[in-house]
Amino acid sequence: MYDSYTREEVEAAFKIYLLLQKKGELRRRDFIDLFEKYSSNPKVRDIFVSVFEPMAEAKMLESEDVLYLVPEPDSDYLSYSNEQLRELMRLDNNTELYCAYFVILCLLSEFFGADFLDEVVREYILVKDLERIVSASFESIEPRMDELEVDSGFNLRAAYEHWKSMEEYRELERMKASKTNRYSFILRVCTFLQSQGLVNLIQEREIYITRKTELIVRNFYAGKETKEKLLKLIGGRP
């Protein structure tokens with residue numbers, strides 16, 4: 001697009017990339033000079049988009065005061081492996097990981113409404129309500145699980161069996177949740193999401209999504225075909 005870049009512009013783009021690779025985000029209040037260079041200098045932005053995004057298999061997402069570097073959905077470079085995710089969420093095997101994926105899909109569907117992924121429709125959700133929604137979603141797709149597994153490559157039946165093997169929510173026992181409790185399973189998933197800046201978990205009761213999550217969903221998962229596949233997977237209506 002441009003015939004040449006100055007050394008200062010190249011250095012600025014490289015510094016932004018290094019910070020984002022290390023931290024995953026760049027906040028205006030912490031790095032105002034670099035933030036302004038990316039926001040106001042088209043050449044710095046062009047270097048980043050044309051060179052560093054393809055190299056990192058990632059995309060820059062912007063809010064008013066934060067820049068995020070987010071892996072492309074099929075990226076092998078900045079994304080976590082199954083083994084890493086199991087370790088971070090303290091899961092024993094891939095069956096538990098598939099169950100965690102299903103919980104995350106249900107969580108997103110509750111925040112983005114019946115049309116899924118178009119707009120945020122609620123401020124927060126209680127962990128106990130999310131548990132009920134996950135159970136209902138599993139039950140609604142149970143008759144079609146074999147078909148959905150073939151279409152998605154997602155081990156739904158094993159995930160469902162694991163979910164059923166865990167204890168249901170009990171108000172008086174909530175704070176004594178164990179690994180075999182559905183409530184504590186959701187907490188482990190949300191604790192990981194919070195560590196990635198994707199949700200805020202308040203007093204182990206309320207889940208709020210972040211601006212980063214909104215940007216990721218709208219940039220990567222808002223297409224009609226993707227939306228319909230995700231809805232079908234959790235028993236929603238396309």
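The values are calculated or read from the model by the stated rules, or taken from the named source; none is laboratory data. Since we're looking at a predicted model, the values are computed, not measured. All Cβ positions, even for glycine, are placed from backbone atoms using ideal geometry, and neighbour counts span all protein chains on display.
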> Considering region 202-238 alone, what residues qualify as being modelled with pLDDT of 95 or more and surrounded by fewer than 19 Cβ atoms within 10 Å (Cβ to Cβ)?
Replying inline: I202, E206, Y208
> Taking D30, is it at pLDDT 90 or above, acidic (D, E) and in the same structural domain as R157 (by TED's automatic domain parsing)?
Replying inline: no
>> Quick test for you: out of M55, M60, pick the one residue that is farther than 20 Å from L193 by Cβ, within 26 Å of the chain's Cα centre (by Cα), surrounded by 18 or more Cβ atoms within 10 Å (Cβ to Cβ) and not basic (K, R).
In response: M60
>> Test of understanding: among F116, F192, F102, which residue is at pLDDT below 90 and either not assigned by TED's automatic domain parsing to the domain that holds G24 or not aliphatic (A, V, I, L, M) (or both)?
In response: F116
> Within region 116-132, is there a residue that is within 19 Å of I202 (Cα to Cα), surrounded by 18 or more Cβ atoms within 10 Å (Cβ to Cβ) and touching a Cys at 6+ places or on another chain (Cβ under 8 Å)?
Replying inline: yes
> Only one residue in S137, S63, S50, S152 is in the same structural domain as D33 (by TED's automatic domain parsing), touching a helix residue (DSSP H, G or I) at 6+ places or on another chain (Cβ under 7 Å) and touching a residue at least 24 places away in the same chain (Cβ under 8 Å). Which one?
Replying inline: S63
>> As an exercise: evaluate F35 against (1) modelled with pLDDT of 90 or more; (2) surrounded by fewer than 19 Cβ atoms within 10 Å (Cβ to Cβ) and give the number of the one condition it does not meet.
In response: (2)
